[in-house]
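**Student:** The structure follows.
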């Protein structure tokens with residue numbers, strides 16, 4: 001299932017140093033969003049893996065703004081928070097474990 005992180009508000013650059021800051025910020029945010037998206041595509045196969053994924057998400061996102069707040073699931077054409085998809089993903093992994 002393909003999910004795309006939607007861009008947030010644009011940062012306006014007023015001079016060359018602001019443009020450099022904007023470029024660096026955009027690159028860092030892109031890398032962070034790509035890593036967050038990757039976490040949604042890796043399916044944990046053990047209870048320890050599910051626990052590690054959930055712990056990482058809660059420890060990394062201590063202030064509530066580290067993960068994307070708008071992710072588009074192209075297959076279902078829905079937009080939700082990254083946390084929504086993480087919970088859905090973890091629930092599916094747990095259901096697979098219970099069914100096994």
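The values are calculated or read from the model by the stated rules, or taken from the named source; none is laboratory data. Keep in mind it's a predicted model, so treat the numbers as computed, not measured. All Cβ positions, glycine included, derive from the backbone under ideal geometry; neighbour counts span all protein chains shown.
Residue by residue, here is whether (1) closer than 27 Å to residue 26 by Cα; (2) modelled with pLDDT under 90; (3) surrounded by 11 or more Cβ atoms within 10 Å (Cβ to Cβ) holds:
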site	(1), (2), (3)
45	no, yes, yes
48	no, no, no
57	yes, yes, yes
63	yes, yes, no
70	yes, yes, yes
78	yes, no, yes
96	no, yes, yes
100	no, yes, no
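**Student:** With the requirement that a residue be part of a helix (DSSP H, G or I), more than 17 Å from residue 36 (Cβ to Cβ) and touching a residue at least 12 places away in the same chain (Cβ under 8 Å), what does region 51-92 give you?
**Tutor:** Matches in region 51-92: 92 only.
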